[in-house]
């Protein structure tokens, strides 16, 4: 008989399990907790959108649109794209659902995103992001709150050695003047630029500033800074952001070469970076995008937001918190199965995690539970007047009385006389 071949996992995807999944879930749990502290409402948007949502909002000239999007025609002939990021879909939802009446809106989400790029450490073709946005607030206080929120998330995850790099892109007047100065500078040195930067010079010149090509660095490093072109209003906005961060105790460093290439970006741009992930050093990034919603056909509406890769954050988590107590309930003999089920359901109703073994003698069930990393086995040894007689066997010496205390806080008085074995 011909053996049926098993399909392999698609390149750039992952099966998340075990300790890796625990880290992944820990990041998402912390994000949910922090977004509630800051009163950000949860929003979930489709995994795919009309291609124009991303082509307009991310920009036709960016690598994401020109090289990395998963785009395909559906059966009706419409061009569909799997989301490469969240902001564009949230902006589309803001417009099509008539949410302008609720502005300013503080929104947060998480889930898978898709980019066709070379898989490497911490980077996948299907990966996961957390995302936070404030839409409809033009004040620098919105930028400050998002940055403080991001800083608190990283602290709650115990991630150390992260630097907040901060820059201003100014207002429209500032940006236009600076862009013109940059174009003049790069054109004067075009013979020294890489092929990629020459292509960007015509369409997206600000991106030359963050080129990683060593041929570009001398020219980029000598380019004029934005500070010489800041209007009084733009400087006041940036000063308000930095003052807010200082008041909140958030450390930052100025990076005058940090940019966002598209014209709808304004004022604040930022990245939280680390040297612990090699070349992929950005763990959270964002900025103000006051022109985005207008580029999607809506009224001019301010916005600011950030996103972070869950996988990268999970790699940086130093130590996971202690897991809640997890037990197995095992009947000593078959006629006590109903009593064991009664105990199991009672403990689950009280919030304790109970592992189940579906078959086997008590010893085999206990061995199976131990392999699944439970803290101990709660044996149902007998039943007197309808009350289970319980015996606890713990597996870990370093647990101390943690398991016993967890049980004693939830068991009714008539069940509370538990005999037990210490590991």
| Would you say residue 312 is surrounded by fewer than 16 Cβ atoms within 10 Å (Cβ to Cβ), under 28 Å from the mean Cα position of the chain (by Cα), at pLDDT 90 or above and under 21 Å from residue 146 (Cα atoms)? | no
| Inside segment 4-22, can you point out the residues that are in a helix (DSSP H, G or I) and either loosely packed, with under 12 Cβ neighbours inside 10 Å or at pLDDT 95 or above (or both)? | 18, 19
| request: State yes or no: is residue 301 buried (at least 20 other Cβ atoms within 10 Å of the Cβ) and part of a loop (DSSP other than H, G, I, E, B)? | output: yes
| request: Could you tell me which numbered condition residue 325 fails, if it satisfies all but one of (1) touching a residue at least 60 places away in the same chain (Cβ under 8 Å); (2) farther than 30 Å from residue 172 by Cα; (3) under 26 Å from the mean Cα position of the chain (by Cα)? | output: (3)
| message | Going by what's in this entry, would residue 258 be described as more than 28 Å from residue 55 (Cβ to Cβ), within 31 Å of the chain's Cα centre (by Cα) and in the same structural domain as residue 117 (by TED's automatic domain parsing)? | response | no
| said: Against the definition (in a helix (DSSP H, G or I), in the same structural domain as residue 292 (by TED's automatic domain parsing), in contact (Cβ under 8 Å) with a residue 12 or more places away in the chain and farther than 19 Å from residue 262 by Cβ), how does residue 93 come out, yes or no? | reply: yes
| So which residues in segment 345-377 are under 16 Å from residue 324 (Cα atoms) and in contact with a strand residue (DSSP E or B) (Cβ under 6 Å, 6 or more places away or on another chain)? | 347, 348, 353, 354, 355, 369, 372, 374, 375, 376, 377
| field | Boolean, residue 300 is touching a residue at least 40 places away in the same chain (Cβ under 8 Å), within 30 Å of the chain's Cα centre (by Cα) and on the phi < 0 side of the Ramachandran plot | value | no
| If the Cβ limit is 6 Å and pairs must be 6+ apart or interchain, which residue in segment 402-423 that is within 11 Å of residue 388 (Cα to Cα) pairs with which residue that is at pLDDT 60 or above? | 414/387; 418/390; 418/392
| message | Please pick out the residue among 210, 191 that is under 30 Å from residue 245 (Cα atoms), outside the structural domain of residue 245 (by TED's automatic domain parsing) and surrounded by fewer than 17 Cβ atoms within 10 Å (Cβ to Cβ). | response | 210
| said: Yes or no: segment 160-168 includes at least one residue that is more than 21 Å from residue 253 (Cα to Cα), in the same structural domain as residue 70 (by TED's automatic domain parsing) and either without any contact (Cβ under 8 Å) to a residue 40 or more places away in the chain or part of a loop (DSSP other than H, G, I, E, B) (or both). | reply: no
| field | Complete set of residues in segment 354-372 that are surrounded by 14 or more Cβ atoms within 10 Å (Cβ to Cβ), under 35 Å from the mean Cα position of the chain (by Cα) and closer than 16 Å to residue 394 by Cα | value | 354, 355, 368, 369, 370
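The values are calculated or read from the model by the stated rules, or taken from the named source; none is laboratory data. Since the model is a prediction, treat every value here as computed from it, not as a measurement. No Cβ is skipped: glycine too gets one built from the backbone with ideal geometry, and neighbour counts run over all protein chains shown.
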